[in-house]
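Remarks on the structure that follows.
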Amino acid sequence: MDLVLTAQLAIIVVVFVSLIHAAAGMVWVERKVCAYMQQRLGPTRTGWAGLLQPFADVLKLLFKEELRPKAADPFLFTLAPMISAVTAFVAFSTIPFGPPITFFGLLPHPIGLEVADVSVGLLVVFAVASMGVYGIVISGWASNSKYSLLGALRSSAQMISYELAYGTALATVIVMAGSMSVREIVDAQQGTWWGFLPRWYVFPQLVGFLVYMTAGIAETNRAPFDFPEAEQELVAGYHTEYSSTRFALFFLAEYINMVTVSAVATSLFLGGWHGPFLPVEYGVIWFLLKVGFLLFVYVWIRWTLPRYRYDQLMRFGWKFLLPVAVINLLLTAAAVLYFDV
Amino acid sequence: MSDVLFYVFGAVAVLTSALVIGQGNPMYSVLLLVASFGAISGLYVLLDAPFLAVIQIIVYAGAIMVLFLYVVMLLNAPQEDAGEWDRLHPLREPGAARLGAVLATLLVVQLAWALSKTSGIRRAIGDDDSGPLVSSVAEIGRVMFTDYTFAFEATSLLILVAMVGAILLARREGER
Amino acid sequence: MTSLGHYLILSAILFAIGTAGVFMRRNLITILLSIEIMLNAVNLTFVAFGRHHGAVDGQIIVAFVMTVAAAEAAVGLAIIVALYRHRESLNPDAFTSLKW
């Protein structure tokens, strides 16, 4: 078989498996980091330093009884977590995690390290994120229970509201880079200013970066925007009635969405795989370090900040974040036009 | 390869659309229509319009259909029950449904005949090399903001009016 | 090779399905969904012809059609909600008489 085709298929498999392991790793990171922040140790018994804890969790989940409420719509009840999980994986498909490399001379020509390089790649991420709302809405409806429905409606309304600021922050980066392909946006961030400051977009676009991260955290329903799943409020929101494998899929989808948001933020604002000291072919390492840092920030924020109440959350999204994002876009567009930045 | 994809996407679009009007549960209808939009988005990609394909997913499948879903959930839209209005309704009788199918087929035949009079209809898509031009977002932006500026601005006013109208119409009585 | 004719026949079929839905279904929401099917069929025609002539105008018109469809769906659904509140029914035949 053609070697390039094999390499591309291998990349797909590697991305898929890595995302699943990233979700598992995030379970461990979350438990450990929150434990240390709360001055305790976290999981220590399952494997060395508790590293087998996520696998124990997953095994436990898979062996639980598959419940389905009698009045629940059977087809939709099973479809909803599938939609969540599939959209979470697909959103990562246009994000490059390394420069075009030839795998140490094995390949005739370099291939880019992503699943698919599409000319509108960034919009694909946005489109698939807006499809993720379906998983939540359908799960809330199909469960046929009050808590699920309320949680699902609140959660999806929150996601839709913050999609606006999310998209506007993306538009800001598109204006600066002049392209919608994520690979080209990353390539526009290579080199340095004045010899030491990397040309990452986070420096001229700090506001855009903050807006994007805030909207991203709200999109993935993580604290401090996780009111719809807060245990004290709505039992467990849209996944109240779910157990075992279907719940594991929702769980998986949430962590992979976190990884995707961090990966997109890295590619757009933190320069992707560009970094000092390493030759360009090993850019994957820098990419992983940056994404890891952003994931740590995710966990850090969750266990530090208190939760927003739902009306505060909506007010923040519509009356503060969206105007800030739009004004940022206007100023960026004006600056690009007049200064050819 | 793109031929196979055309037939796959086309079949999915036609099948899901037929099921939208064919089966009773409005919730399933909405989700089947989302699938149909996905198939049509794939057809746009085959027609060298990737930007439009993604916009179709964002706007149609991701926004308009979510609105439909909310309304179906809000109204708890029941199946089409044979209420007192259509127990004897002529259109519920099986003869009428068959007539409707015949008329729809006649419509397709008539449209196909009319379209067959178009010149160049047998020319293969992708024959010329205007693919990169048609698929570039920069070109779309350039033409939209020069030739279609008025339509663009008018559309933004239209959306504003629709937003105000929708909120006003769906308000409960006695609310401020 | 898929030609322009293939796409036009496909959109004709979709348009006919949408029309059949508008006439045959007795549920307001499904009627609105059928209208959306018709609009999509027309969109497909526009894009196919645009590609045929090698111009982006087809795509631009489709962008406007999508926007108008969004506005129309919003207003149409608001009307349906208001109607439902009045008569507790989504059957269009419930609204044929002018008085109670």
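The values are calculated or read from the model by the stated rules, or taken from the named source; none is laboratory data. What you see is a predicted model, and the numbers here were worked out from it, not measured in a lab. Counting neighbours? That spans all protein chains shown, and the Cβs are built from the backbone with ideal geometry, glycine included. Note: areas computed on protein heavy atoms with side chains; ligands, DNA, RNA excluded. Shrake-Rupley method; radii C 1.70, N 1.55, O 1.52, S 1.80 Å.
Some points to look at:
- Here C:Ala20 does not fit the description of being facing another protein chain (nearest Cβ under 7 Å), aliphatic (A, V, I, L, M) and within 10 Å of the chain's Cα centre (by Cα).
Yes or no, residue by residue, for (1) in contact (Cβ under 8 Å) with a residue 60 or more places away in the chain; (2) under 30 Å from B:Asn25 (Cα atoms):
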{"residue": "A:Gly112", "(1), (2)": "yes, no"}
{"residue": "A:Ala127", "(1), (2)": "no, yes"}
{"residue": "A:Ala165", "(1), (2)": "yes, no"}
{"residue": "A:Ile174", "(1), (2)": "no, no"}
{"residue": "A:Val186", "(1), (2)": "yes, no"}
{"residue": "A:Tyr201", "(1), (2)": "yes, no"}
{"residue": "A:Leu206", "(1), (2)": "no, no"}
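Here's the yes/no breakdown for (1) out of contact with any helix residue (DSSP H, G or I) (no Cβ under 6 Å at 6 or more places or on another chain); (2) within 13 Å of another protein chain (Cβ to nearest Cβ):
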{"position": "A:Leu106", "(1), (2)": "yes, no"}
{"position": "A:Glu114", "(1), (2)": "yes, no"}
{"position": "A:Ser139", "(1), (2)": "no, yes"}
{"position": "A:Arg154", "(1), (2)": "no, yes"}
{"position": "A:Met159", "(1), (2)": "no, yes"}
{"position": "A:Ala165", "(1), (2)": "no, no"}
{"position": "A:Thr172", "(1), (2)": "no, no"}
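- Inside segment C:57-81, residues that are of a type outside the set (Asp, Glu), over 19 Å from B:Ala49 (Cβ atoms) and open to solvent by 30 Å² or more (accessible area, probe 1.4 Å) make up a count of 2.
- Number of residues in segment A:327-341 that are open to solvent by 50 Å² or more (accessible area, probe 1.4 Å) and in contact with a helix residue (DSSP H, G or I) (Cβ under 6 Å, 6 or more places away or on another chain) equals 1.
- Of the candidates A:Gly140, A:Gly151, A:Gly167, the single residue that is part of a helix (DSSP H, G or I), at pLDDT 85 or above and over 16 Å from the mean Cα position of the chain (by Cα) is A:Gly140.
Yes/no per residue for (1) at positive phi; (2) β-branched (Val, Ile, Thr); (3) open to solvent by less than 20 Å² (accessible area, probe 1.4 Å):
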position: A:Met131; (1), (2), (3): no, no, no
position: A:Ser139; (1), (2), (3): no, no, yes
position: A:Ser148; (1), (2), (3): no, no, yes
position: A:Tyr166; (1), (2), (3): no, no, yes
position: A:Gln190; (1), (2), (3): no, no, no
position: A:Trp193; (1), (2), (3): no, no, no
position: A:Phe196; (1), (2), (3): no, no, no
position: A:Asn221; (1), (2), (3): yes, no, yes
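- Close pairs from segment B:90-105: first outside the structural domain of B:Val14 (by TED's automatic domain parsing), partner at pLDDT 75 or above and of a type in the set (D, E, K, R), Cβ under 8 Å, at least 6 apart: B:Leu91/C:Arg26; B:Arg92/C:Arg26
- Taking first residues from segment A:293-319 that are over 22 Å from A:Cys34 (Cα atoms) and partners that are assigned to a loop (DSSP other than H, G, I, E, B), the Cβ contacts under 6 Å between residues at least 6 apart in sequence or on separate chains come to A:Leu313/A:Phe225.
- Residues of segment B:23-68 that turn out to be within 13 Å of the chain's Cα centre (by Cα), surrounded by fewer than 24 Cβ atoms within 10 Å (Cβ to Cβ) and away from chain A (no Cβ under 13 Å), as a count: 1
- Enumeration of residues in segment A:250-292 that are touching a Gly at 6+ places or on another chain (Cβ under 6 Å) and outside any helix (DSSP H, G or I): A:Trp273
- Pairs where the first residue, in segment B:19-36, is farther than 17 Å from C:Asn91 by Cβ and the second is of a type in the set (Phe, Trp, Tyr), C-beta under 6 Å, 6+ apart: B:Val30/B:Phe68
- Hey, A:Thr214 under 15 Å from the mean Cα position of the chain (by Cα), open to solvent by 30 Å² or more (accessible area, probe 1.4 Å) and among the polar types (S, T, N, Q) or not: yes
- Subset of segment C:41-80 [more than 19 Å from the chain's Cα centre (by Cα) and at the interface with chain B (Cβ under 8 Å from one of its Cβ atoms)]: C:Gly50, C:Arg51, C:His52, C:Gly54, C:Ala55, C:Val56, C:Asp57
- Total residues in segment B:115-132 satisfying the condition of being more than 7 Å from every other protein chain (Cβ to nearest Cβ) and surrounded by 13 or more Cβ atoms within 10 Å (Cβ to Cβ): the figure is 4.
- Exactly one residue out of A:Leu268, A:Leu278, A:Leu295 is in contact with a helix residue (DSSP H, G or I) (Cβ under 9 Å, 6 or more places away or on another chain) and modelled with pLDDT under 90, and it is A:Leu278.
- Looking only at segment B:10-22, and only at residues there that are more than 9 Å from chain C (Cβ to nearest Cβ) and touching a helix residue (DSSP H, G or I) at 6+ places or on another chain (Cβ under 7 Å), the one that is most open to solvent (accessible area, probe 1.4 Å): B:Leu19
- Some residue of segment A:41-54 being modelled with pLDDT under 85 and open to solvent by 90 Å² or more (accessible area, probe 1.4 Å): yes
- Test: residue in segment B:133-142 that is modelled with pLDDT of 90 or more and more than 8 Å from every other protein chain (Cβ to nearest Cβ): yes
- Selected residue (criterion: farthest from the other protein chains (Cβ to nearest Cβ)) from residues of segment A:174-184 that are over 17 Å from the mean Cα position of the chain (by Cα) and under 21 Å from A:Thr214 (Cα atoms): A:Met176
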